[in-house]
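Engineer: Dumping the structure here so I can ask a few things about it.
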Amino acid sequence: MFANVSFPLLVVVVLAYIAALLYMGRYAARQTKTSADYMVAGRQMNAFLMAMAYGATFISTSAIVGFGGQAAANGMSLLWLSFANIVLGILFAFIVLGTRTRALGQALDVRTLPDLLGRRYNSNFIQSYAGAVIAIMMPIYAAAVLIGGARFLEGALAIPYWLAYVITAAIVGWYVF
């Protein structure tokens, strides 16, 4: 896959990306003073940046790796589903849900989805249930991401799966740290 890219250029690009991440992380850490700063960007985030962050989260690996893998297995015509998911899914979320959800979140002074649901419906059960679903499902989703990343590296770099998995886990762990 990387046969047409020189190794020194690849190293320079990766190191520049890491440097940019470190700079942005340090800058953001200096700006973060409260839990609201961390959880909801101090409620000051530009709408366009919020849309892009949501889009990256919404689409993420499920659409990029999952739909790409299915398209490779079943034919490229399946990519219409990825396109529709990106365009229609994000547009629907922002046009129909975004403004109302943000206004409700600000009015209730919440920082998480379980918080929003619990306060909106005045129910500790709903808040706890939503939190539990996220806590249970997030590791499963993370495992799928790690497996997808490892399978990609395995094929792209022609290395054993276990090594690709360790590399993927190390990159994700470092990135999250």
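Engineer: Kindly check whether there is at least one residue in segment 133-154 that is crowded, with 16+ Cβ neighbours inside 10 Å, of a type in the set (Val, Ile, Thr) and over 18 Å from the mean Cα position of the chain (by Cα).
Structural biologist: no
Engineer: Please enumerate the residues belonging to segment 78-90 that are surrounded by 13 or more Cβ atoms within 10 Å (Cβ to Cβ) and more than 17 Å from the chain's Cα centre (by Cα).
Structural biologist: Step one: of segment 78-90, the residues surrounded by 13 or more Cβ atoms within 10 Å (Cβ to Cβ) are 78-79, 81-82, 85-86, 89-90.
Scanning segment 78-90 gives LEU78, LEU79, LEU81.
Engineer: Return a yes/no flag: does segment 16-28 have any residue that is outside any helix (DSSP H, G or I) and at pLDDT 75 or above.
Structural biologist: Restricting attention to segment 16-28, the residues satisfying the condition of being outside any helix (DSSP H, G or I) are none.
No, that holds for no residue.
Engineer: Right, another one. So in segment 161-177, with the set limited to residues that are free of Cβ contacts under 8 Å to residues at least 60 places away in the same chain and surrounded by fewer than 11 Cβ atoms within 10 Å (Cβ to Cβ), which one is farthest from LEU21 (Cα to Cα)?
Structural biologist: Here is the first cut: in segment 161-177, the residues free of Cβ contacts under 8 Å to residues at least 60 places away in the same chain are 161-174, 176-177.
Filter again for surrounded by fewer than 11 Cβ atoms within 10 Å (Cβ to Cβ), leaving 162, 170, 173-174, 176-177.
Numbers: TRP162: 27, ALA170: 16, GLY173: 14, TRP174: 11, VAL176: 11, PHE177: 11 Å.
Ranking the qualifying residues of segment 161-177, first place goes to TRP162.
Engineer: Given the conditions (1) of a type in the set (Ser, Thr, Tyr); (2) open to solvent by 60 Å² or more (accessible area, probe 1.4 Å); (3) at pLDDT 85 or above, which single one is not true for SER123?
Structural biologist: Result: SER123 passes all but (2).
Engineer: Looking at segment 29-38 only, could you name the residues that are surrounded by 12 or more Cβ atoms within 10 Å (Cβ to Cβ), part of a helix (DSSP H, G or I) and of a type in the set (Ser, Thr, Tyr)?
Structural biologist: The answer is TYR38, and nothing else.
Engineer: If you scan segment 39-50, which residues turn out to be part of a helix (DSSP H, G or I), free of Cβ contacts under 8 Å to residues at least 60 places away in the same chain, surrounded by 10 or more Cβ atoms within 10 Å (Cβ to Cβ) and within 19 Å of the chain's Cα centre (by Cα)?
Structural biologist: Across segment 39-50, the qualifying residues are ALA41, ALA47, LEU49, MET50.
Engineer: Related question: Return only the number of the condition from (1) at pLDDT below 80; (2) more than 29 Å from SER35 (Cα to Cα) that ALA93 does not satisfy.
Structural biologist: Unmet for ALA93, out of (1) at pLDDT below 80; (2) more than 29 Å from SER35 (Cα to Cα): (2).
Engineer: Run down VAL87, VAL145 and say which single residue is in a helix (DSSP H, G or I), without any contact (Cβ under 8 Å) to a residue 12 or more places away in the chain and farther than 22 Å from TYR38 by Cα. Quick ask: steps written out before the conclusion?
Structural biologist: On the way: VAL145 fails: without any contact (Cβ under 8 Å) to a residue 12 or more places away in the chain.
Residue meeting the stated conditions: VAL87.
Engineer: Scan segment 96-115 for residues that are hydroxyl-bearing (Ser, Thr, Tyr) and in a helix (DSSP H, G or I) and report the count. Talk me through it step by step, then tell me what you get.
Structural biologist: Of all residues in segment 96-115, those hydroxyl-bearing (Ser, Thr, Tyr) come to 99, 101, 112.
Subsequent filtering for residues that are in a helix (DSSP H, G or I) retains 99, 101.
Selection size over segment 96-115: 2.
Engineer: Then there is this: Being open to solvent by 50 Å² or more (accessible area, probe 1.4 Å) and farther than 28 Å from ALA20 by Cβ is the requirement here; does PHE94 meet it? Full working, then the answer.
Structural biologist: Numbers: open to solvent by 50 Å² or more (accessible area, probe 1.4 Å): yes; farther than 28 Å from ALA20 by Cβ: no.
So PHE94 does not fit the description; no.
Engineer: Residue by residue through segment 98-120, note down the ones that are closer than 17 Å to MET50 by Cβ, modelled with pLDDT under 90 and not β-branched (Val, Ile, Thr).
Structural biologist: GLY98, ARG100, ARG102, ALA103, LEU104, GLY105, GLN106, ARG111, LEU113
The values are calculated or read from the model by the stated rules, or taken from the named source; none is laboratory data. Note that the structure is a prediction, hence the values are computed from the model and not measured. Cβ coordinates were reconstructed from backbone atoms using ideal geometry, including for glycine residues, and neighbour counts include every protein chain displayed. Surface areas here come from the heavy atoms of the whole protein model, side chains and all, with no ligands, DNA or RNA. Shrake-Rupley method; radii C 1.70, N 1.55, O 1.52, S 1.80 Å.
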